[in-house]
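See structure below.
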Amino acid sequence: MSLLTIICPCYNEEESVRLFYQETIKNESFFAQKGVEMNFLFVDDGSRDGTLAEIKKLREEDERVHFVSFSRNFGKEAAMYAGLEKAKGEYLVIMDVDLQDPPKLLPEMFSYLEQGYDSVATRRVSRKGEPPIRSLFARMFYGLMKKISKTEIMDGARDYRLMTRQVADAVLSMREYNRFTKGIYGWVGFETKWIEYENVERAKGETKWSFWKLFAYSIEGITAFSTAPLSIAAFVGVLFCILAFILILFIIIRKLIFDDPVSGWPSLVCFILMTSGVQFFCTGILGQYLAKTYLEVKRRPMYLTKEEE
Ligand code: UDP
Ligand code: MG
């Protein structure tokens with residue numbers, strides 16, 4: 001018998017835990033036929049409601065349910081890392097607890113592993129039920145990433161992914177503190193099968209991601225997988241030098257031909273404002289990378305465990 005571990009990050013999800021377990025365990029007989037046992041690993045990401053109590057209740061009923069509980073909220077990235085690290089299975093799957101990652105896809109996903117794929121990933125082809133502004137920014141983010149990063153990051157990719165131990169170990173070997181898992185999967189490579197499905201709305205509770213949390217996360221993605229913004233400073237610098245050179249020529253020629261007296265301080269002010277704006281912008285970009293580097297060199301642990309069973 002081999003083992004499939006279902007890793008499930010939860011943050012304030014007391015209403016969803018049991019529902020998720022009931023829906024997912026329905027695949028038990030399918031996997032039993034294949035000689036695969038299932039177990040669960042809930043990662044309680046510092047929930048402040050009854051999530052941990054719900055998980056413990058499940059554990060009393062079914063000893064295949066395991067959990068790790070963090071000392072505080074460390075974020076979904078940390079929860080996924082902990083899950084991959086603590087899971088015992090030869091096969092691992094990461095799933096949201098809100099049933100937005102349909103458990104009924106598991107058999108199909110597993111069939112691709114049997115065909116020899118190393119990992120099976122999912123992406124949403126629609127974003128129905130999501131605020132339009134969020135979809136717009138998401139699309140812009142993926143469009144930008146395609147241009148500025150060499151690592152493939154699929155539009156609409158979910159964190160819902162079934163993988164072999166080998167892939168999980170590869171992901172774990174990337175010990176960066178500022179994590180953007182969607183990029184990490186692309187970076188490690190391996191044969192990946194993509195499955196598409198229509199967006200499913202959350203079963204219970206509400207989303208834990210505000211617009212700004214997602215925005216910050218997208219900056220994480222850009223700085224973690226592209227250094228293109230750093231070249232912007234150099235590029236703009238060269239552009240301004242060329243512009244300045246043309247202007248100097250223009251002024252000299254004008255002086256020689258028309259003998260122009262001093263004038264044009266408004267244009268001067270505009271130029272000063274613009275160049276200092278660009279300088280601040282570029283310093284800001286540098287600052288972003290410096291901040292990430294700073295956090296990285298501290299080598300802080302990604303999460304702290306309070307309890308685990
Ligand atoms: N989650 C987490 N830590 C966080 C935020 C979210 O573990 O700080 C979990 C959450 O419990 C859920 C999954 O990550 O299982 C996806 O979160 P959510 O459904 O709120 O995101 P959305 O589907 O709206 O993008
Ligand atoms: Mg969700």
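The values are calculated or read from the model by the stated rules, or taken from the named source; none is laboratory data. Here the structure is a predicted model, which means the values were calculated and not measured. Heads up, the Cβs are rebuilt from the backbone with ideal geometry, glycines too, and the neighbour counts pull from every protein chain shown.
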**Request:** Among what's in segment 203-216 and is within 14 Å of ligand 2 (Cβ to nearest atom) and not in a loop (DSSP other than H, G, I, E, B), pick the residue that is farthest from Glu152 (Cα to Cα).
**Result:** Lys213
**Request:** Answer yes if at least one residue in segment 163-181 is among the hydroxyl-bearing types (Ser, Thr, Tyr), surrounded by 20 or more Cβ atoms within 10 Å (Cβ to Cβ) and at pLDDT 90 or above, and no otherwise.
**Result:** no
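A quick yes/no check of all residues on (1) over 22 Å from Ala157 (Cα atoms); (2) touching a residue at least 40 places away in the same chain (Cβ under 8 Å):
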| position | (1), (2) |
| --- | --- |
| Ala53 | yes, no |
| Lys57 | yes, no |
| Gly75 | no, no |
| Ala87 | yes, yes |
| Leu99 | no, yes |
**Request:** Six or more apart or on different chains, Cβ under 7 Å: which pairs go from a residue in segment 236-256 that's modelled with pLDDT of 80 or more to one that's part of a helix (DSSP H, G or I) and of a type in the set (Ser, Thr, Tyr)? Could you list them?
**Result:** Phe240/Thr275
**Asked** So is Val200 touching a Pro at 6+ places or on another chain (Cβ under 7 Å) and either more than 16 Å from ligand 2 (Cβ to nearest atom) or in a loop (DSSP other than H, G, I, E, B) (or both) or not?
**Response** yes
**Item:** Qualifying position, being within 16 Å of ligand 1 (Cβ to nearest atom), crowded, with 18+ Cβ neighbours inside 10 Å, of a type in the set (A, V, I, L, M, F, W, C) and within 14 Å of the chain's Cα centre (by Cα), among Ala138, Ala157
**Value:** Ala157
**Complete:** How many residues of segment 148-183 are free of Cβ contacts under 8 Å to residues at least 60 places away in the same chain, out of contact with any strand residue (DSSP E or B) (no Cβ under 8 Å at 6 or more places or on another chain) and not in a loop (DSSP other than H, G, I, E, B)? The answer is 5
**Message:** Suppose we filter segment 100-116 for residues that are within 13 Å of Tyr21 (Cα to Cα), crowded, with 19+ Cβ neighbours inside 10 Å and either among the small types (Gly, Ala, Ser) or more than 9 Å from ligand 1 (Cβ to nearest atom) (or both); how many remain?
**Reply:** 1
**Prompt:** Given segment 24-117, what helices (runs of 4 or more DSSP H) lie entirely inside it while holding 1 or more residues that are within 16 Å of ligand 2 (Cβ to nearest atom) and out of contact with any strand residue (DSSP E or B) (no Cβ under 6 Å at 6 or more places or on another chain)?
**Reply:** 76-86
**Item:** Residue among Phe67, Phe40 that alone is closer than 17 Å to Tyr160 by Cα and touching a helix residue (DSSP H, G or I) at 6+ places or on another chain (Cβ under 8 Å)
**Value:** Phe40
**Request:** Report yes if Glu220 is within 16 Å of ligand 1 (Cβ to nearest atom), over 14 Å from the mean Cα position of the chain (by Cα) and either at pLDDT below 85 or under 20 Å from Phe281 (Cβ atoms) (or both), otherwise no.
**Result:** no
